[in-house]
Amino acid sequence: MIELFFVTCLIAQPQDCHDHSLLFEPQNGLFTCMLQGQKELARWIETHPKERVREWKCSFAGQDGQDI
């Protein structure tokens, strides 16, 4: 599986951050995750207006965003 790993922080409390991830099918690959990830993050932001995405990356599932 390919994982879209992202960190969000509350706008009102920027030090209050949380890790999140979404999974993509492996046949789509990392490149597709990079393209589709932007759309997924935009959709996520629409449903969580009090938070902002601080950083994100695509990797093979299970790496837990270790090098973000």
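The values are calculated or read from the model by the stated rules, or taken from the named source; none is laboratory data. Everything numeric in this text was worked out from a predicted model, so none of it was measured. Here the Cβ positions follow ideal geometry from the backbone for every residue, glycine too, while neighbour counts run over all protein chains shown.
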task: Output the residues belonging to segment 33-68 that are at pLDDT 90 or above and in contact with a Lys or Arg (Cβ under 8 Å, 6 or more places away or on another chain).
output: 45
message: I'd like the residue in segment 35-58 that is within 10 Å of residue 2 (Cβ to Cβ) and not in a strand (DSSP E or B) and, out of all such residues, is nearest to the chain's Cα centre (by Cα).
response: 37
task: Working only within segment 1-34, note down all residues that are hydroxyl-bearing (Ser, Thr, Tyr) and either in a helix (DSSP H, G or I) or over 14 Å from residue 48 (Cα atoms) (or both).
output: 21, 32
In segment 19-56, the residues that are among the acidic types (Asp, Glu) and either in contact (Cβ under 8 Å) with a residue 12 or more places away in the chain or surrounded by 13 or more Cβ atoms within 10 Å (Cβ to Cβ) (or both): 19, 25, 40, 51, 55
